[in-house]
1. Can you tell me how many residues within the stretch 228-243 are polar (S, T, N, Q) and touching a residue at least 60 places away in the same chain (Cβ under 8 Å)?
2. Could we say that LEU320 is assigned to a strand (DSSP E or B) and under 18 Å from SER352 (Cβ atoms) here?
3. With the requirement that a residue be part of a helix (DSSP H, G or I), farther than 20 Å from ARG299 by Cα and of a type in the set (Val, Ile, Thr), what does the stretch 356-401 give you?
4. Scan the stretch 424-453 for residues that are out of contact with any Lys or Arg (no Cβ under 8 Å at 6 or more places or on another chain) and outside any strand (DSSP E or B) and report the count.
5. Tally the residues that are surrounded by 15 or more Cβ atoms within 10 Å (Cβ to Cβ) and either modelled with pLDDT under 90 or not in a strand (DSSP E or B) (or both), restricting the search to the stretch 276-294.
6. Can you name every residue in the stretch 575-630 that is at pLDDT 85 or above and of a type in the set (S, T, N, Q)?
7. Residues in the stretch 127-137: is at least one part of a helix (DSSP H, G or I), touching a strand residue (DSSP E or B) at 6+ places or on another chain (Cβ under 6 Å) and buried (at least 18 other Cβ atoms within 10 Å of the Cβ)?
8. Which one of the conditions (1) modelled with pLDDT of 90 or more; (2) of a type outside the set (A, V, I, L, M); (3) within 30 Å of the chain's Cα centre (by Cα); (4) at positive phi does GLY553 fail to meet, given that it meets all the rest?
Amino acid sequence: MNSEPQDNLQDRLHDNPQDKVHNGAAGSANLPPDLSRGLAYLKAEVRKLSGDPGVYRMLNGVGEALYVGKARNLARRVTSYTQPNRLSNRLMRMVSETETLEVIVTKSEIEALLLESNLIKKLKPRYNILLRDDKSLPQILITADHPFGQLTKHRGRKTRKGDYFGPFASAGAVNRTVADLARAFMLRTCSDSIFSARTRPCLQYQIKRCSGPCVGLVSEADYAAQLDQARRFLSGGSADIQRDYAARMHQAADALEFETAAIWRNRIRALSGIQANQDINVPNLRDADIIAVARSGERSCIQAFFIRGGSNYGNRSYFLSHNADNSAAAVLTAFLGQFYDDKDPPAEILLSDNAEEQDLLAEALSVRAGRKVRISQPQRGARRKLAAMAIHNAEEALARNLADTSSQRRLLGELGELFGLEAPPERVEVYDNSHIQGQHAVGGMIVAGPEGFNKAAYRKFNIRDDGPDAVSGGDDFAMMRQVIRRRFERALKEDPDRASGNWPDLLLIDGGKGQLGSVLEIMDDLGVSDIAVVAISKGPDRNAGREQFHMRGRDSFTLSPQASAMHFLQRLRDEAHRWAIGTHRAKRQKTELTSPLDGVPGIGPKRKKALLAHFGSARAVSSAGLDDLESVDGISKTVARQIYDWFYNGHS
């Protein structure tokens, strides 16, 4: 055990010190040896602990985090793990595996709570309640680092200067809202690089979804007013803006300016479209998250509704696995701490049940947000109806998820029997390649398990043309060999004991006997020969339902087109195909949309715009003579020589 002060919380949020290991004394003969050893170790460590607040981490023999907890009094909290008659079976297993205790002392219990949430998300300890599906939620951003701000969708950290609105429950909702906002307020959605390269209005201007700031068709002041209206609308001022638009429409109609009136009518329709699905309307509820939990055994569903500016931004389901004896309060506390670790909490959080240490959690979120955050369980009135609605949605989503999980486990059991596995596979990896005559080649890996597709574990492999498995041309066999080698060389390096749960029980390969042979060659070479490998090829007429399955040591075989296992395998293969093709298209599009001018040293947006305006295309710039380049406004002789040398030295 190591103990260290925490002078600066923000610095500690990203620390993971490797502390010195202290071995415990021998355990009692009346307890299982592992549990006795763990208890003796913790008893010895407790003597060294202070009564300060802080965070403790329990690690196993290979340094993996088993549990992260916070304490108001470290010595008292860790002492509770040394009394086996008060421990659940889960906690006794955890203590028996504990070989190292690490401690970080904090200045307050609030700092301990914030640090605990951060470490749980970072380390993903096995015995904590984990929020695994925690990708960032999309938001709307109105940028403030450009004279003519951009309206765009944003994910991730708020690194760009501007106003952020959200979160929204889905990317689709953001895309629809951005499109309607652009139509209503005539705002640009193009990137800054495209904006700087425009020489004439784009299609968005022609269909009246942008006011054309890129070519000076609107003044900076008028455009700023349009941006302010969009901010007001997203901040809850929709009624005032719609009344203003309606007055302008009627004024134009009274003046017999029907085309102008139609423009205002279309803008009103766009604003109405944004609000069309607002089925939540509670007075005085402007910025709030409504969070409800539904539990069944070792599975819980959290349903979260997002209310911003008085508008419903949608709802989303989160599923958590935990021990059956965890209460709804414990599940909510774990969710709130991890969910808001990297998200700004709203002014109000309405819960279906009271959380553990709710007041402390509210105080911690207030510290993080820099303003007051209130957490409550509404008991009556409109807010209670909202919580009841969220509970109903959570129960429905949990029932569907449990049904899907049960069906998924049954199908995995069928695969285990079909392919001669000792047990149903817990992790199935499916591989496919995608390219066009060897160009923009990528390999894709998808992962499926008892809970369905694990999209967080999907991987893509950019096919390399060097190394032991270099690929030239469209050699599918060589591509698959490279992908499999890279996947399992990394696994052998990072987790040789297969303790992480990231090793597959079954590999499915899109291809025939040739692909199977390529994969088995690499697996044998790496010494990984205990994982079942199955290749799936189309039948004689390449029709779905007549797929052939190929395995080492077995004749090729097929299944009935109506068999549930056949449909399941087709779904797995189709998902791998979709992932590989999507990755390939993204890579190809990125390459095709890259201008040859982007790589020229010393060429920024202004010079690039001047060159394109003068020559008409990047191709014409690449073939231009030195004198022609020097004649462009803003291009000096030195820069012209740089451009000329760049293209004539083989960079075109």
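1. The total comes to 2.
2. yes
3. Of everything in the stretch 356-401, just one residue is part of a helix (DSSP H, G or I), farther than 20 Å from ARG299 by Cα and of a type in the set (Val, Ile, Thr), namely VAL367.
4. So the answer is 6.
5. Total meeting the criteria: 5.
6. The answer is THR583, and nothing else.
7. no
8. (3)
The values are calculated or read from the model by the stated rules, or taken from the named source; none is laboratory data. Remember, it's a predicted structure, so these values are computed and weren't measured experimentally. Because the Cβ atoms are built from the backbone with ideal geometry, glycine has one as well, and the counts that use them run over all protein chains shown.
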